[in-house]
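A short write-up of the structure that comes next.
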2 protein chains.
Amino acid sequence: MTGPTAQQTPETAPAAPPISFARGAPSTDIVDVEGLKEAAVAAFDTDPAGMTGYGTAVGYVPLRRWIAEKHGVPEDHVLVTNGSMQADAFLFDELATPGAAVVTERPTYDRTLLGLKQRGADLHLVTLQEDGIDLDEVEALLRSGVRPALAHVIPNFQNPAGYTLSLEKRHQLLELAREHGFVVFEDDPYVDVRFSGEPLPRLLELDGGAASTSVVYASSFSKTVCPGIRVGYLVGPPALVERIRVRATNTYIAPNMVAQGTVNQYVRGTRFPAALERVRSALAERVGLLDVALREHLPQASFRRPDGGYFLWVELPAGEGHDVRRIAQEATRRGVAIVPGTDFLLDGGENAFRLAFSGVQAADIEEGVRRLAAAVAAAQG
Amino acid sequence: MTGPTAQQTPETAPAAPPISFARGAPSTDIVDVEGLKEAAVAAFDTDPAGMTGYGTAVGYVPLRRWIAEKHGVPEDHVLVTNGSMQADAFLFDELATPGAAVVTERPTYDRTLLGLKQRGADLHLVTLQEDGIDLDEVEALLRSGVRPALAHVIPNFQNPAGYTLSLEKRHQLLELAREHGFVVFEDDPYVDVRFSGEPLPRLLELDGGAASTSVVYASSFSKTVCPGIRVGYLVGPPALVERIRVRATNTYIAPNMVAQGTVNQYVRGTRFPAALERVRSALAERVGLLDVALREHLPQASFRRPDGGYFLWVELPAGEGHDVRRIAQEATRRGVAIVPGTDFLLDGGENAFRLAFSGVQAADIEEGVRRLAAAVAAAQG
């Protein structure tokens, strides 16, 4: 989400328009604006009272039903929210109370870390490997006496790393959760923008779906419909969903009915599958070009090409004294934006950065990486 | 917002459909659904990137500008939120901290009381008179050493009472706020649905508008556009707005852009003035019929006919042992819903209830009051 902030002076501003690998958002050309417009009209025509009335904090009933069917759970397991970050906030208010031990991946989404820190949770960041969170490290934590209330994972195409939690580790994490009585928060906004490889079962499913007691699942329509629609949701045990419903009612009465009604029409409509396919193929093309360009222009960098999502995590060789803040500044001067690795960690990350390929047109990717390589070189000089 | 909850048994259920004086929401017939649909289409056509992208927590920029112009303040005084209750929640998080003294009207909106209680604020409820909050009582509080951080007032067509704060008292309240260093929270969702009498200047204006340091103003498009659109806003000193912007960013990134873009097109469009006039005249008709019906069927009740808004506060003679919970139950049995006065107070209110006329069609009002009068009689028997 972070955009470039430094102001360019006339002397240093490049002639070419800036290229942003910083924003975890789709470029407008891969959003089906016509389809959304049609969906909004259909929603007002079909259910004027539901679109314009308050509704309740559980969300727009037909969309809630669609989500429940998608995940094979009864409707009372589902709560729709104004974007999934609002869902995170409600869940953290319930479970990440002051002093509560919470496990997250290292690195992880900067806003997740911030939300947990602000609530005074006792944070334990566990190394993220290419196949997901390091479970030996989690076990060592548990052996040391830490009793987590919550373990937050982004299982598919993780933000910022792009890594995916393996099936074996999914099973193992659930075993640990059941044995030690913590909740796994499966934060899964990118799952439906997989462009290669085989989909893996959700932790929620592996834990029994409707019978699950160890998983709270969150996802969003930001990546499949568009971010401005701000519709996300939680799936979890009904008693917890009911507590969050009360909290949501007292915060904003109900989430946005116009937006949810539009999403409901859109995802049930005929244009959605093709639009989603267009998003996936655009992301696949972009990551392919980024892969090639990084190998050519920044051969010293290591990274893993993801099978979906928006992000790729780049590490420069350790021990060479890289300072990613300086690299980011040099990049800004050259008209390219990145997010420093340090933003996704409590400490470290000076030799790493996140590249978001979701918002960069294919034609701009190589030029962006050229500028970035020049910035890396300049920052070392 | 509260709807009827008690389940009717087949034996006692009336043949006629239920009539709800409980919900503070407009009936769908006074919502301009066609106009909203056109506005949504225009918004997608005019600004596809702005509608579908994340945006930022200050809100959709063209709507924020419209609000700033409406109130004669620079844009950095304005923050748009997912409904004005979310704006209240953010402001309370900033100012109604645990132990902070907060003044409210007595009675006042039940969700306001709940939000303040949940945050651990030190609540001081001050009698609401027909011309607004009792300032002698406020002065006595201040003399007794109470140092409020915040005084919450609903100056126009108060919820639940329907009363309006007089011009003289507006000036006096601001004087007290400046002298004693507290913030007046001007919670004003009903101002634009005035159907009789002359509009009064806002406290925000009387405090200097852009130069105001003692007032935070909140309003909403729920009453002028529709509730399901969930768009509200705050106007206040830029430093406070900036703190709330950070809080909003960390909660949900940005409020709903699709909804805000639709509101922006709608309020700038040609249909809005006529639609608003239709809302006002429908509300005027409903309150007129309610006035007549109450005088005829419930002559022992006292109430003040409001000049706008959604609500009317009914008091039955004190000392007659009225029990409004029993009245509400008897009413439900007879197919009419009300909200007990006790919901709007920390104590008392057993002989009072709120009638919302916003959601009841003109043709149903007399029948609703007949049922209510029967319920009052039955509850005393």
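Quick note: the coordinates plus some simple rules give every number you see, no bench work behind them. None of these values were measured; they are calculated from a predicted model. Heads up, the Cβs are rebuilt from the backbone with ideal geometry, glycines too, and the neighbour counts pull from every protein chain shown.
Give me the percent relative contact order of chain A, please, defined on Cα pairs under 8 angstrom at least 6 residues apart.
So the answer I get is 26 percent.
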Per DSSP H run of n ≥ 4, the term is -39500 (n - 2.57); total these for chain A, divide by its residue number, and report the mean residue ellipticity at 222 nm rounded to 500 deg cm²/dmol. -13000 deg cm²/dmol
Cα convex hull of the protein assembly as shown: mean projected area in nm², to one decimal? 34.9
Would you kindly derive the ³J(HN,Hα) couplings of segment B:23-36 from the backbone phi angles with the Karplus curve 6.51 cos²θ - 1.76 cosθ + 1.60 (θ = phi - 60°), listing them in order in whole Hz, with x for Gly and Pro? 8, x, 8, x, 5, 4, 5, 9, 9, 8, 4, 4, x, 5
Describe numerically, in nm with one decimal, the distance between label points set 7 Å from Cα along Cα→Cβ at A:Asp134 and at A:Gln118. 3.0
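Among bridges DSSP assigns within the protein assembly as shown, what percent are antiparallel (round to 5)?
So the antiparallel bridges in the protein assembly as shown amount to around 50 percent.
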Fully extended, how many nm does the chain gain between B:Ala374 and B:Thr46 (0.36 nm per residue separation, minus their Cα-Cα distance)? 112.6 nm
In the structure displayed, which of A:Lys37/A:Lys70; A:Lys70/B:Lys223; A:Lys117/B:Lys223; B:Lys37/B:Lys117; A:Lys37/A:Lys117; A:Lys37/B:Lys223 lie more than 29 Å apart, Cα to Cα? A:Lys70/B:Lys223; A:Lys117/B:Lys223; B:Lys37/B:Lys117; A:Lys37/A:Lys117
Please list, ordered by chain and number, the residues whose modelled amide H lies under 5 Å from the amide H of B:Lys223; skip anything fewer than 5 residues away on the same chain. none
Which value in nm describes the separation of the simple spin-label points at B:Glu242 and A:Gln361, placed 7 Å from the Cα toward the beta carbon? 3.6
Modelled label reach - B:Ser302, point 7 Å along Cα→Cβ, segment B:133-156 residues with backbone N closer than 14 Å: none
How much of the DSSP bridge set in segment A:33-268 is antiparallel, in percent, rounded to the nearest 5? 35
Each residue of A:43-51 has, on average, a number of other protein chain C-beta atoms within 10 Å of its C-beta equal to 5
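Roughly speaking, what is the stretch gain from A:Arg295 to A:Arg65, that is 0.36 nm per residue apart minus the C-alpha to C-alpha distance, in nm to one decimal?
Gain in length upon complete extension: 78.2 nm.
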Segment B:133-274: antiparallel DSSP beta bridges as a percent of all, rounded to 5: 35
Using a Förster distance of 56 Å, the FRET efficiency for A:Arg147-A:Ser196 (Cβ separation, nearest 0.05): 0.90
Taking Cα centroids, how far is segment B:123-187 from segment A:194-247 in Å? 45
